[in-house]
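What follows is a set of notes on a single structure, which appears directly below.
The values are calculated or read from the model by the stated rules, or taken from the named source; none is laboratory data. Quick caveat: nothing in here was measured; it's all calculated off a predicted structure. Positions of Cβ are backbone-derived with ideal geometry, glycine not excepted, and every protein chain shown enters the neighbour counts. Accessible surface is based on the protein model in full, side chains and every heavy atom, while ligands, DNA and RNA are left aside. Shrake-Rupley method; radii C 1.70, N 1.55, O 1.52, S 1.80 Å.
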Amino acid sequence: MSVPTPAAAMAIRDSLEEEVLIALVRAAWLAAERSNAVTAAAGLSPSQYNVLRILRAAGRGGLSCTEIGTRMVTRDSDLTRLMSGLAHAGLVVRGTDSADRRRSTNRITAAGRALLRRLDGDVADAAQQTLGPLGRPRLTALRDLLVAFAPPQTSDLT
C-alpha cells in the first residue's frame, strides 16, 4: 500500500518538482514543530536559539552580526534587533573587536551557555522523536539528499 503524497492527498495535480517542494516544506514545518516547542518553553524564538548555538560553537572569539547571519539556518531580517534582545536578556555580550574598533563582536555568556545545556537534551529528544522512526539508513540518505539540494556555504563550516 502506498502513502499518498501531500499534493495527491489534497487532490492537487502538480509536477513532480512541485510535489517534492510541497512535501519538503511540510516536512520541515512538522520537523521544526517539536524543537520549536522546546525552545519556546524556554522563552526563545527559533532564531534566538539558533544564534546562541552559533555563538557557543564560535568559542571565545565570538562573531560579528554578519558572520552570524551567514551561519543562520533561516535568515532573520533584523539580526541587530535579535542580538539586542539576547544581550538585554544577559545571554550574549556585545563588544568592540580589539583589532578593528569598527567591528562589533558578539559572544555567548555563561548564562547563555547554561540555558543551551539545559535545552540540549530536550532538543535532542525532540529530534529523536521526530526523525528517529526513519532509521539510520533513511536518515543518512535524507541528509545526503538535503545537503545535495542545499550545500552548506563555506562560512557554515567554519
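Couple of notes before you dig in:
- Considering only ARG60, ARG136, ARG34, the Gaussian network model of the chain with Cα springs below 10 Å gives its largest mean-square fluctuation to ARG136.
- Between ASP120 and GLU33, the FRET efficiency from the beta-carbon distance, with R0 = 25 Å, is close to 0.85.
- Percent of Cα pairs exceeding the 24 Å cut-off, where the set is the chain: 46
- Global form of the stretch 12-74, assessed from the alpha-carbon gyration tensor, a/c cut-off 1.5: oblate
- Cα-only Debye scattering, the stretch 74-132: base-10 log of I(q)/I(0) at q = 0.16, 0.18, 0.22, 0.31 Å⁻¹: -0.69, -0.79, -0.94, -1.10
- With every protein chain in place, the chain: carbon and sulfur % of accessible area (1.4 Å): 58
- Scaled to the globular estimate 2.2 N^0.38 Å, the Cα spread of the stretch 27-114, given as radius of gyration, is 1.10.
- Charge dipole magnitude, Cβ of K and R +1, D and E -1 - the stretch 9-114, Cα centre, debye nearest 20: 700
- Gaussian network model of the chain, Cα within-10 Å springs - most flexible of ASP125, ASP97, ASP14: ASP14
- Value of [θ]222 nm, deg cm²/dmol, for the chain, DSSP H segments ≥ 4, -39500 (n - 2.57) each, nearest 500: -19500 deg cm²/dmol
- For the stretch 19-158: relative contact order, % (alpha-carbon pairs under 8 angstrom, 6 or more apart): 26
- Å² per residue, accessible surface of the chain at 1.4 Å: 68
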